[in-house]
Amino acid sequence: MYYNHNLRVNLKEWRNRLIKSSTEQFPNSHKFFFDKIKGTTALYCYLIDSRFKPEEELFKQIDNSTRTRIEYENEEHEAITKYYLIQWYVERTDFHIGNITRKFGSGNTHNERLQSYVEQYIDPIVNYIGDHLDEGSATLYLLEKYKLRTEWFFKDKLNELYQNNSATGENKLEEDLRLFLFDQGVDYPFSTPLSASGRADVVSMLHTSDPLVMEIKICDQKKNYRINRIADGFAQVVKYANDYHKNVGYLVVFNMDEYNYEISFDDKDKTWPPRLSFDGKNIYIIFINIFKGVSASKSGKIKNQIVNLQDLTSNLDLAN
């Protein structure tokens, strides 16, 4: 639950190491900062999967002139442009680390130029990523609350609602989640708008530049809805996230069976909920267990069903 919070703390710590660096430490701290971001897919995806990808010609213009002024459309545009600009400077064969503070910082001393460089170029990147982590944390908080609310208080009611409406049972569960999101302040969680990949179950805040993309699936072995349905949902979330230029998507699975679905990736992180960084996106998978009867944990008969990366991506064709 606190995964995004920890990422934000780490991001701030890496930034603080940079600004506190001495002249001798700065090159290593600078490299450490960007290596850490590149090595953390959950952070890096926000930078590499943006529609704002500047051309090299812009960097050359900036390099050859001190008067080049960029009009940024928004905070994302600024953060992405400055990230790629710094990477372009770093990767040049004639680059020296001291040049970057002289080029992008201001002041008479190293500390003054370093302070200015971090505030003007590093902080927009840190703030942009941090804001997205906060947004993801808020959504995950609501989904965890819904999971506990459902499993603790409304499991039998929702199970009966599903079982007694064989033709529309999935829609009934979907409506319950939408109502909860609406009650919690999520604007307009009703749309199933048509995109290039079809219709997502929940795409909220379409009137903003940052819509919420969520897909809902059912696991019900009586209907042969097992791992195949989870894979279908995962593929749809990835494609919808692409359609709406989102870095984050959510797959909610209502589990009608007495199985504990366990998502197994190479990632050693075991925080809730399972998260897979795939194709430059973070996809969170939340299981809502509403099978009828005594829970597996109380009965002592836990049945684990492992779901691995190959299972999830079996139905995903990124070429389409």
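The values are calculated or read from the model by the stated rules, or taken from the named source; none is laboratory data. If you're wondering where the values come from, they're calculated on a predicted model, not measured in any experiment. Cβ coordinates were reconstructed from backbone atoms using ideal geometry, including for glycine residues, and neighbour counts include every protein chain displayed. Heavy atoms of the whole protein, side chains included, go into the accessibility calculation; ligands, DNA and RNA do not. Shrake-Rupley method; radii C 1.70, N 1.55, O 1.52, S 1.80 Å.
Multiplying the residue separation of Glu262 and Glu73 by 0.36 nm and subtracting their alpha-carbon distance yields 63.8 nm. Once the Cβ-Cβ distance between Leu179 and Phe32 is put in as r, and R0 is 41 Å, what FRET efficiency do you end up with, to the nearest 0.05? The formula returns an efficiency of 0.30 here. Straight Cα distances below 28 angstrom link Lys292 to the lysines Lys145, Lys147, Lys155, Lys157, Lys172, Lys217, Lys222, Lys223, Lys270, Lys301, Lys303, with same-chain residues fewer than 8 positions distant left out. Residue separation of Asp123 and His96 scaled by 0.36 nm, minus their Cα-Cα distance, works out to 7.6 nm of gained length. Under 5 Å between amide hydrogens, built in the peptide plane, is the criterion, and for Cys219 it picks out Phe254, Asn255, Met256 among residues at least 5 positions away or on other chains.
Each residue was assigned an accessible area with a 1.4 Å probe, and for Thr101 the value is about 10 Å². Largest first, the residues Ser21, Ser137, Ser166 sort by 1.4 Å accessible area into Ser166, Ser137, Ser21. Rounded if a/c is under 1.5, else prolate if a/b beats b/c, else oblate: with a ≥ b ≥ c from the C-alpha gyration tensor eigenvalues square-rooted, which is the range 1-156? Prolate, since a/c reaches 1.5 and a/b exceeds b/c. Within the range 66-154, list the GluC sites (Glu not before Pro) lying in a DSSP loop whose Cβ has at most 13 other Cβ atoms in a 10 Å radius. Here the GluC sites (Glu not before Pro) that fit, given the DSSP loop and packing criteria, are Glu71, Glu73. For the range 22-98, the C-alpha radius of gyration sits at 1.19 times the compact-globule guess of 2.2 N^0.38 Å, with N the residue count.
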